[in-house]
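Q: Starting off with a structure, shown below.
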Amino acid sequence: MEAVKIALLAKEAGDDKKAINPVVLDVSGISRVTDFFVILSGNTEIQVQAIAEAVKEKLEAQEVTYIRREGFSEGRWVLLDYGDVVVHVMHREEREYYDLERLWGDAVII
């Protein structure tokens, strides 16, 4: 499956769980690590975990599995690494503090 389709499915899963301000960034021209960042956030640790689980399930239904998952048990910043797509599911406070959209400000918003 194309990376952009994976990123958009991840965003859709976040939308389904009422993620706050879901964003897909095309970082292919500025990152050597990945092509897309999906940034989703929730108001509570439980919502962050629910969003991350929804992303995992939606992508697994399309036979796409992550390479690595970090931060799920804490529920503050869950990272799902799909290779060409990295999904960041962040607590609202972490998202405001780290401001990945500003950090990757040269990226194209999809």
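The values are calculated or read from the model by the stated rules, or taken from the named source; none is laboratory data. Quick caveat: nothing in here was measured; it's all calculated off a predicted structure. Note that we place each Cβ from the backbone using ideal geometry, even for glycine, and neighbour counts take in every protein chain shown. Just the protein is used for accessible areas: all its heavy atoms, side chains included, with ligands, DNA and RNA removed. Shrake-Rupley method; radii C 1.70, N 1.55, O 1.52, S 1.80 Å.
Q: Calculate, for region 47-110, the solvent-accessible area per residue in square angstrom, rolling a 1.4 angstrom probe over the heavy atoms of the protein chains.
A: Values: 3650 Å² over 64 residues.
Spelled out: the 1.4 Å probe surface of region 47-110, per residue, equals 57 Å².
Q: Kindly write out, for region 25-41 in residue order, the coupling ³J(HN,Hα) from the Karplus curve 6.51 cos²θ - 1.76 cosθ + 1.60 (θ = phi - 60°), rounded to whole Hz, with x marking Gly and Pro.
A: Using θ = phi - 60°, the values come out as 10, 8, 9, 4, x, 10, 10, 8, 8, 8, 9, 9, 10, 10, 10, 10, 8 Hz.
Q: Return the FRET efficiency for the residue pair residue 57, residue 31: r is the Cβ-Cβ distance, R0 is 30 Å, and the value is rounded to the nearest 0.05.
A: Working: r = 26 Å, r/R0 = 0.88.
Efficiency, from the Cβ-Cβ distance: 0.70.
Q: Determine, from the Cβ-Cβ distance of residue 73 and residue 99 and an R0 of 25 Å, the FRET efficiency 1/(1 + (r/R0)^6), rounded to the nearest 0.05. Write down the numbers at each step before the final one.
A: Working: r = 24 Å, r/R0 = 0.97.
Working from the Cβ atoms, E equals 0.55.
Q: Given charges of +1 on the Cβ of Lys and Arg and -1 on the Cβ of Asp and Glu, with all other atoms neutral, how large is the dipole of the chain about its Cα centre, in debye to the nearest 20?
A: Details: 13 positive and 21 negative charges, 16 e Å.
Around 80 debye, computed over the chain.
Q: Which percent of the accessible heavy-atom area of region 1-80 goes to carbon and sulfur, probe 1.4 angstrom? Don't skip to the end; give the middle numbers.
A: Details: 2020 of 4250 Å².
Summing carbon and sulfur atoms, their accessible area is 48 percent of the total for region 1-80.
Q: Antiparallel as a % of all DSSP beta bridges within the chain, to the nearest 5?
A: Numbers: 15 of 22 bridges.
Percent antiparallel among DSSP bridges in the chain is about 70.
Q: Something else about it: Straight-line reach from residue 17: which lysines have Cα under 18 Å away, leaving out those fewer than 8 places along the same chain?
A: Partners within reach: 56, 58.
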